[in-house]
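Each remark here refers to the structure printed beneath this line.
The values are calculated or read from the model by the stated rules, or taken from the named source; none is laboratory data. Predicted model, so just to flag it, every value in this text is computed and none were measured. Because the Cβ atoms are built from the backbone with ideal geometry, glycine has one as well, and the counts that use them run over all protein chains shown. For accessibility, only protein heavy atoms count, side chains too; no ligands or nucleic acids. Shrake-Rupley method; radii C 1.70, N 1.55, O 1.52, S 1.80 Å.
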Amino acid sequence: MATDKISQALLRKFEKNRIVFWYDRNRDLRDEFDSVQIDDVEKIVLKNNEFGVKYRILREQRNQKFLLYHEGPQPEDKDNWLLDVLLAHDEFRTDQVSIWLGELELGPEYAEVVSAHEEFFRAGKRRELLKKIIDNHDSLDTVRVKMLAVCAGSDTRIDAVLENLLGELAYDKDDAEKLIGRCGLDDFLWGRVGQDYGYQSATAGIKDFAIELFKSCYAMGVGDDGKVNLRQEARAFFNRWKDSRTHGGAFKTLSARCADLLNIEADLGERNYRTLIDLDYFQLIDRKIVSSLVQDVDNRTITARECEEIIRKRRDGSWYDDFADLYLATGFAAEFINLLDSVDLTMSSLSDGIQRYVKTWFRIDQLYRQFTYHVRRSSQPTLMKNLSPTIENLYSNNYLLPLNDSWQKFVDDAEAWQVGGIRGQSQFFADQIVPYLNKPNKKIYVIISDALRYEVADELASLIRMEDRYEAEISPVLSVLPSYTQLGMAALLPHRQLEITAEGGSSVVYADGKSSAGTQNRNAILAQGTDGRGIALQAEDFLQMTVDKAREIARNHDVVYLYHNRIDAMGDKRDTEERVFEAVAETFEELLKLIKKLANANANNIIITADHGFIYQNNELDESDFLSATPDGHIINEDRRFVIGHELREQSSLKSFSSAQVGLSGDVEIQIPKSINRLRKRGSGSRYVHGGAALQEIVVPLIRINKKRTSDVRRVEVSIIRGVNQTITSGQLAVKLYQEEPVNEKVQARSVRVGLFTKDGNLISDIHDLTFDLADESERDRERGIRLLLTKEADLANGQSVYVRLVEREDGTSHDVEYKSVEYSLRRSFNSDFDF
């Protein structure tokens, strides 16, 4: 043993003792004794001089420190003249166990632990780590637990040790488990696990424990008591481990392995999925629930409300993200069916039709889009092989076609393309822009998103309102006819008259004699109509600008038009039309970025509108969806949903308009296929179409956005409902939580973690992740009950105050902060530890 280590060990002894004995049992450390020099300590060699030494150290030099060295083992007590002095002071041992005890500053009463686990103490790194966490008041078992923690690299709790061992198992490692075995700590570990959780096994080990843990907790969850071999505390540990942000990945990996070993799939096949709603132990449970939900929605054996409640409960589960698109698609399908079953598609006029569309009917288009979008994202066509055709057929045959057949009757009777009470698209500049030009220091910013139909804009408006300090109101505008890009874009510009003329084998729209084709021409028309105070740009170019450049644009112009094209660019191509709903999702992201960039450029007044809407049916169309009639006449522009030309022959399947009837100058004629029918046209897509007079095509949104100066978004408040009894006397606690108001765009959902904690913040129960996002007005429906299972750590808090705490993640950090708490008294009797 190095002299410096001996000196250090002796120094620690002399900090508490005036006299220290050193018995050199093997007679091999005399040189080290001679080399040791410690200030203020006198060295004496004991060799037949004990009586004189005793007189000297106890009588003559009572304040002097002495190191008494004896070469050889300690004499028998009856022959030891200095036994009373030894018992009153301390001994420096030079055997390995004693050296380690000295290094750890532990008394001889801990020699039993060190001797039994010498392999642990052979590594200086382990001794160093242990020294940082032990206390000389620890019990022997507590020291062993801390040794386990060092081996496992965990906190000093048995469940923390198990969590780390399970983590190793998940990643096919066993370094810590092997180290625990080499250190002789495995019997102690599994003895404690048996004591705490009831685990007993002839082949105890982390893999065996993991299998038993999943088996017993699943059996507890489904009520199969005959297969439960662990105590309730094991389920509390299991739930806490499962919901841990640190160990969630390991849980999922081991869950998949144990599901196979335990043949969970076969067991689930015999169970009703409604009995599994609160279980979150295997991914197979979500598969079972999703599959059954899809079937029940398709069979109409579940209400939309029941479906929504099930999905809400599953959303807090470990595998929700894996199945989110399927859950969402199924929920939208249930709501779609429910709404379609209750809706009345009749109308009394064009005006009534549009008013009813923007109040109710648009929601069916929206739900159909949301369902289709999430089905595509799920990449699970086999699972949806029955529900998807059901929704598709209902949408086309029970909604889209009959709605527009009814609407067409009023279109046929219309002498002019105008609707009472609904502003026309051609009045946009006069209605929305001129008022700003007439006021000093007022600016207006217009985003024109190609094919942003009304139902899409409604969802966008809701997303905008969810942003802090933003308000958005949506209203309908009647698009021009035909409802296609060139004419719709021209209608939004300053003009007195619009005219469609033949040019280059197609048609071009002129505004007051100037071509409106392309951004450059539109910019020139806008600049002229605003006396140079307006500018037209592509939204993509604006998004790429620096903040300073964007502010310069805003500073130098009172009117800014930004043209955005994502939906139409995707839908108008045959090869990409099936991705039009994905383009809608991308449009939401891009427009929100655009709005925020405008706001950063000091834009306070923003309008979002569109040139036209669209019809989209996800399935390939039947022959009956195409007109057998062929347009006849001098045609200058023809698409799936409109014909522009001269001397067009009247046909019963086409509605004809003159230029004057649709508010255009010139002498072109326009024909629109009735209802939702398409014209046959080689080489173009047929599922995504626009240009006609269907409600989905001609109801154009106008969203007015204002940014407020003060914050107006907050999270919904959640309360803990206290029962009459505020004392916990058993191993579990029922807790009721109440969402104090419905959520909306400005009162947003709150996600919390719920657990039982000591005053010092130690978790003594399992923990639940909950999201409160109910929009329900019913107070009763906004109550939510959970059951907290106490862990073994709760025993240490018995007789103390404990707290049910709601904690939430601090925005932009990885830290949880307390949101609310309620105090309880923990008064568990010994009888509560029994399971019978």
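Points to keep in mind about this one:
- Residue within segment 372-389 that is in a helix (DSSP H, G or I), open to solvent by less than 20 Å² (accessible area, probe 1.4 Å) and within 25 Å of S479 (Cβ to Cβ) present: yes
- Against the numbered list (1) at pLDDT 95 or above; (2) surrounded by fewer than 21 Cβ atoms within 10 Å (Cβ to Cβ); (3) of a type in the set (A, V, I, L, M, F, W, C), A502 comes up short only at (1).
- Here D325, D321, D352, D296 are screened, and the one residue that is assigned to a helix (DSSP H, G or I), touching a Lys or Arg at 6+ places or on another chain (Cβ under 6 Å) and farther than 19 Å from F214 by Cβ is D325.
- Taking the numbered list (1) touching a residue at least 24 places away in the same chain (Cβ under 8 Å); (2) open to solvent by 40 Å² or more (accessible area, probe 1.4 Å); (3) among the β-branched types (V, I, T); (4) under 20 Å from R714 (Cα atoms) in turn, T813 passes all entries but (1).
- Scanning segment 582-598 for residues that are over 19 Å from E459 (Cβ atoms) and open to solvent by less than 10 Å² (accessible area, probe 1.4 Å) yields one hit, L598.
- Taking residues in segment 569-592 that are within 19 Å of I608 (Cβ to Cβ), and partners anywhere that are among the hydrophobic types (A, V, I, L, M, F, W, C) and open to solvent by 20 Å² or more (accessible area, probe 1.4 Å), the pairs with Cβ atoms closer than 7 Å and at least 6 places apart or on different chains are V580/M570; A583/M570; F588/L463; L592/L463.
- The residues of segment 721-762 that are open to solvent by 70 Å² or more (accessible area, probe 1.4 Å), free of Cβ contacts under 8 Å to residues at least 40 places away in the same chain and more than 26 Å from S778 (Cβ to Cβ), listed by number, are N725, D760, N762.
- Among the numbered conditions (1) open to solvent by less than 50 Å² (accessible area, probe 1.4 Å); (2) free of Cβ contacts under 8 Å to residues at least 24 places away in the same chain, the only one that G317 does not meet is (2).
- Residues that are under 28 Å from L130 (Cα atoms) and open to solvent by 20 Å² or more (accessible area, probe 1.4 Å) number at least 1 in the following helices (runs of 4 or more DSSP H) confined to segment 1-100: 3-14, 30-35.
- Residue identified as basic (K, R) and either surrounded by 18 or more Cβ atoms within 10 Å (Cβ to Cβ) or in a loop (DSSP other than H, G, I, E, B) (or both) among R579, R551, R574: R574
- Residues of segment 251-266 classified as in contact (Cβ under 8 Å) with a residue 12 or more places away in the chain and either in a loop (DSSP other than H, G, I, E, B) or of a type in the set (D, E) (or both), total: 2
- T791 in contact (Cβ under 8 Å) with a residue 60 or more places away in the chain and on the phi < 0 side of the Ramachandran plot: yes
Conditions tested, residue by residue: (1) within 14 Å of L179 (Cβ to Cβ); (2) of a type in the set (V, I, T); (3) touching a strand residue (DSSP E or B) at 6+ places or on another chain (Cβ under 9 Å).
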| residue | (1), (2), (3) |
| --- | --- |
| Y110 | no, no, no |
| V113 | no, yes, no |
| E118 | yes, no, no |
| S139 | no, no, no |
| S154 | yes, no, no |
| I158 | no, yes, no |
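- Pairs with Cβ under 7 Å, 6+ apart, first in segment 386-403 and free of Cβ contacts under 8 Å to residues at least 12 places away in the same chain and under 17 Å from V343 (Cβ atoms), second outside any helix (DSSP H, G or I) and open to solvent by 40 Å² or more (accessible area, probe 1.4 Å): none
- Check on S475, assigned to a helix (DSSP H, G or I), hydroxyl-bearing (S, T, Y) and open to solvent by 10 Å² or more (accessible area, probe 1.4 Å): no
- Scanning segment 172-217 for residues that are in a helix (DSSP H, G or I) and either touching a Leu at 6+ places or on another chain (Cβ under 7 Å) or of a type in the set (A, V, I, L, M) (or both) yields a count of 16.
- Of all residues in segment 242-277 being modelled with pLDDT under 95 and within 19 Å of the chain's Cα centre (by Cα), the one that is farthest from D766 (Cα to Cα): G249
- Condition check for L230: of a type outside the set (D, E, K, R) and outside any helix (DSSP H, G or I): yes
- Pair list, Cβ < 8 Å and 6+ apart or interchain, from segment 159-184 residues that are on the phi > 0 side of the Ramachandran plot to residues that are in a helix (DSSP H, G or I): G184/A116; G184/E119; G184/F120
- Count of residues meeting criterion [assigned to a helix (DSSP H, G or I) and open to solvent by less than 50 Å² (accessible area, probe 1.4 Å)] in segment 218-227: 5
Okay, residues lined up against (1) part of a strand (DSSP E or B); (2) over 18 Å from K736 (Cβ atoms); (3) open to solvent by less than 70 Å² (accessible area, probe 1.4 Å); (4) of a type in the set (V, I, T):
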| site | (1), (2), (3), (4) |
| --- | --- |
| R784 | yes, no, yes, no |
| E793 | no, yes, yes, no |
| L796 | no, yes, no, no |
| Y803 | yes, no, yes, no |
| K820 | yes, no, yes, no |
| Y824 | yes, no, yes, no |
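- Pairs where the first residue, in segment 460-481, is in contact (Cβ under 8 Å) with a residue 60 or more places away in the chain and the second is among the aromatic types (F, W, Y) and not in a helix (DSSP H, G or I), C-beta under 7 Å, 6+ apart: I464/Y470; L481/W417; L481/F657
- Scanning segment 397-421 for residues that are outside any loop (DSSP other than H, G, I, E, B) and open to solvent by 20 Å² or more (accessible area, probe 1.4 Å) yields N397, N398, L401, P402, D405, S406, K409, F410, D412, D413.
- Within segment 377-418, considering residues that are over 45 Å from the mean Cα position of the chain (by Cα) and hydrophobic (A, V, I, L, M, F, W, C), the one farthest from L367 (Cα to Cα): A416
- Output for segment 604-622, where each listed residue is in contact (Cβ under 8 Å) with a residue 60 or more places away in the chain, part of a loop (DSSP other than H, G, I, E, B) and either surrounded by fewer than 21 Cβ atoms within 10 Å (Cβ to Cβ) or of a type outside the set (A, V, I, L, M, F, W, C) (or both): N604, D611, H612, G613, Q617, N618, N619, E620, L621
- Applying the set (1) assigned to a helix (DSSP H, G or I); (2) free of Cβ contacts under 8 Å to residues at least 24 places away in the same chain; (3) open to solvent by less than 30 Å² (accessible area, probe 1.4 Å) to S154 leaves exactly one unmet item: (1).
Listed here are the residues, each with its yes/no results for (1) outside any strand (DSSP E or B); (2) at pLDDT 90 or above; (3) of a type in the set (G, A, S).
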{"residue": "I672", "(1), (2), (3)": "no, yes, no"}
{"residue": "I676", "(1), (2), (3)": "yes, yes, no"}
{"residue": "R680", "(1), (2), (3)": "yes, yes, no"}
{"residue": "G691", "(1), (2), (3)": "yes, yes, yes"}
{"residue": "Q696", "(1), (2), (3)": "yes, yes, no"}
{"residue": "S711", "(1), (2), (3)": "yes, yes, yes"}
{"residue": "V735", "(1), (2), (3)": "no, yes, no"}
{"residue": "P742", "(1), (2), (3)": "yes, yes, no"}
{"residue": "F757", "(1), (2), (3)": "no, yes, no"}
